[in-house]
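What follows draws every value from the coordinates through simple rules; no lab data is involved. Quick caveat: nothing in here was measured; it's all calculated off a predicted structure. Cβ placement follows ideal geometry from the backbone for every residue including glycine, while neighbour counts extend to all protein chains displayed.
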Amino acid sequence: MAAAEQESHARAVRPCSYEDESYRQGFFDTIGDLQKAGVLQDVVLEVEGRRCPCHRLVLSAASPYFRAMFTSDMAESRQKTVVLQGLDAGVFGEILSYIYSGTLHVSLDKVQPLYQAADLLQLDYVRDTCSNYMVFNVDNSTCVDLYRFAEFFSIEVVKNCGLLCICVIFSEVSHTEEFYSLSVNQLIEIISKVNLNVKQETTVWEAVVRWVQHSREDRLHHLPSILPHIRFNLLTSDDTAAILEHPLVKKNTGNSELRNLVQRSGSSNQKRRDGMNTEEVIVLFRPEDGFRLSSDTEMLCVNPSSGDYEKYIYRMETKPTVIAATVNNDNDIYILVHESPDKLSLLQYNHLGNVWENKSSIQRDTPRPSVLDAPSECLVAVSGHLYYLAYEWEMGKGVLVVMKKYQWLTDRWQDCSKPEHDCLCFDAAVSSGKHLYLITNTEMHCYDPSQDSWCKRTPPRIINPDPCTAVAIGTEIFCTDKILRMIAVYNIEADSWSELPGWSDPEESVSTDSPFLFAYEGKLHALVSLDGPGRGDQHMFVYDRSAGAWRDLYITLPDGEWHLFLPAIPVARMYMYKLGQIYNTGD
């Protein structure tokens with residue numbers, strides 16, 4: 001046979017490898033069927049009295065823990081029944097379900113015991129999945145609990161997320177039972193952070209006092225190790241004197257030591273907390289060419305208390321259509337831009353670089369020719385997470401068709417449930433911090449992010465014709481119609497509505513361009529256009545609840561229209577050292 005012919009023949013008979021994916025899946029299915037049928041099981045695992053017949057081979061293949069148990073000289077390798085300690089029977093059932101099916105079911109109430117079980121049984125996939133799930137669900141209500149759990153099990157990514165959230169909402173979270181359950185080392189780690197979002201250092205001292213008094217006898221002796229982490233150099237002399245006279249300090253057996261600690265700290269040069277360098281402002285945008293932003297574009301930050309405002313000039317590579325804006329608990333400013341008929345992009349504002357950074361894209365299920373034709377998308381921050389709502393207009397009302405949650409760790413969007421009621425219409429959407437509410441005059445739906453579930457609440461039925469803007473302040477939601485005719489107030493805890501007087505100036509009326517409500521320093525504000533003589537386009541008012549009337553702040557915005565985005569004007573804390581500067585980074 002010629003050499004060339006031999007080489008050709010060798011190529012023709014060269015062995016190949018093939019993977020039968022259907023066999024792999026079928027093998028998994030068969031193992032699951034054997035388990036369900038109770039066939040060929042050779043060991044019983046007992047957890048809290050619950051007996052679970054299993055297969056040693058399957059357990060050993062899934063878990064190094066079981067492999068070591070059944071392939072070594074351990075007594076369990078010879079026993080027909082093995083008792084497992086330190087596990088919850090219900091959680092172990094979920095673990096077995098995963099081992100035999102490859103499917104893992106995780107929920108907020110099960111994620112911690114699931115992680116503990118996976119850590120014991122050395123199931124890396126389950127452990128990593130639980131870690132990611134906890135990161136995704138760090139918010140105002142879970143941050144302390146998840147931080148404590150992650151600190152105990154050394155889950156750094158979860159711990160860091162929880163710690164960041166605690167620092168951002170410190171003033172709120174420091175009044176909770178979860179905060180009082182922190183260990184002394186955890187408390188010290190938190191109050192030592194420079195990024196603690198407090199306006200005054202007295203807030204930190206008061207939080208420490210509450211933590212100590214929650215279990216005074218057990219915690220009083222920790223004060224000498226806690227006090228050095230309070231930045232007494234940032235307090236006034238009067239505040240320091242009041243602390244020295246506080247019973248915790250004055251009557252402590254180590255009084256002289258504590259006084260020395262306070263005085264030494266007062267003469268130190270510790271940095272100001274991040275929250276002390278910020279100023280609360282509302283965020284507006286100037287559109288060019290309709291709603292389309294130019295490459296050099298202005299973002300206006302206005303302080304309603306002082307009337308001061310600053311323009312931030314930033315550069316964007318393209319000229320996207322901005323359709324929504326919001327601010328989350330971390331004071332991160334996000335905008336949603338219309339890149340193409342079937343694609344939206346999420347951008348986050350980088351405060352230090354003064355640029356917009358691309359974060360993620362949303363693929364529309366149904367391409368839309370232009371958001372200018374029918375504004376039908378909004379962006380809402382709830383419990384530290386972003387939610388995208390898409391709605392169709394039917395009979396003058398928005399009908400919710402899509403709802404997605406932004407998962408910042410994976411930079412992806414996750415589908416959320418929608419109300420299971422026949423009518424999904426809404427005129428206003430508002431975040432109360434912990435829940436999302438969709439409101440019409442006859443319908444009100446409440447979304448709970450922790451459960452990904454909806455329920456019906458009492459609708460206002462007192463706004464004629466319908467609410468057009470709403471905002472939450474504390475435990476109340478305020479909404480009104482297009483001309484501020486009246487204000488409906490919803491009490492979240494009581495699930496009830498009441499009324500407040502609306503616009504009452506006989507010489508001027510609110511333009512039907514619609515008012516925009518927003519919350520600033522705990523008070524109800526509105527940005528409106530007036531039809532009266534000599535009035536400009538946009539004016540800012542604060543609501544005086546005791547007088548039942550709107551009070552003009554006499555703030556004049558720069559010439560031109562500043563665009564607002566439903567459901568509410570974004571309010572953010574911007575660093576004070578940046579205010580007063582005009583940025584232009586685009587050369």
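Answer with one residue from Asn260, His222, Phe153: the one whose Cα lies farthest towards the positive end of the charge dipole of segment 150-274, charges on Cβ with Lys, Arg +1 and Asp, Glu -1. Positive-most Cα among the choices belongs to Asn260.
Per-residue packing, averaged as other Cβ atoms within 10 Å, sorts the ranges 333-342, 379-388 into the order 379-388, 333-342, beginning with the highest. For the pair Phe152 and Thr103 in one chain, pulling the backbone fully straight at 0.36 nm per residue adds 14.9 nm over the alpha carbon distance. Translational diffusion of segment 39-104, estimated by Stokes-Einstein from the Kirkwood radius over alpha carbon pairs at 37 °C in a medium of 0.692 mPa s, is 271 µm² per second. 3J(HN,Hα) along segment 41-47, derived from phi through the Karplus expression 6.51 cos²θ - 1.76 cosθ + 1.60 where θ = phi - 60°, amounts to 6, 10, 8, 10, 9, 10, 10 Hz, with x in place of Gly and Pro. Peptides 233-239, 431-437, 520-526 ranked from most to least packed, by the mean per-residue count of other Cβ atoms within 10 Å: 431-437, 520-526, 233-239. Computed 3J(HN,Hα) for segment 238-245, one whole-Hz value per residue from the Karplus formula 6.51 cos²θ - 1.76 cosθ + 1.60 where θ = phi - 60°, is 5, 5, 5, 4, 5, 5, 5, 8, glycine and proline marked x. Rounded to the nearest whole Hz, the Karplus-based 3J(HN,Hα) values (6.51 cos²θ - 1.76 cosθ + 1.60, θ = phi - 60°) of segment 160-174 follow the sequence 5, 5, x, 5, 4, 5, 4, 4, 5, 10, 4, 4, 7, 6, 6, with x at glycine and proline.
When the pairs Lys159/Lys405; Lys404/Lys482; Lys110/Lys343; Lys359/Lys405; Lys199/Lys271 are compared against a 25 Å limit on Cα-Cα distance, Lys404/Lys482; Lys110/Lys343 fall above it. Computed extension gain for Arg545 through Ser450, at 0.36 nm per residue and net of the alpha carbon distance, reaches 30.9 nm. Dipole size of segment 28-178 about its Cα centre, with +1 on Lys/Arg Cβ and -1 on Asp/Glu Cβ: approximately 600 debye, rounded to the nearest 20.
Per residue, the convex hull spanned by the alpha carbons of segment 460-562 comes to 102 Å³.
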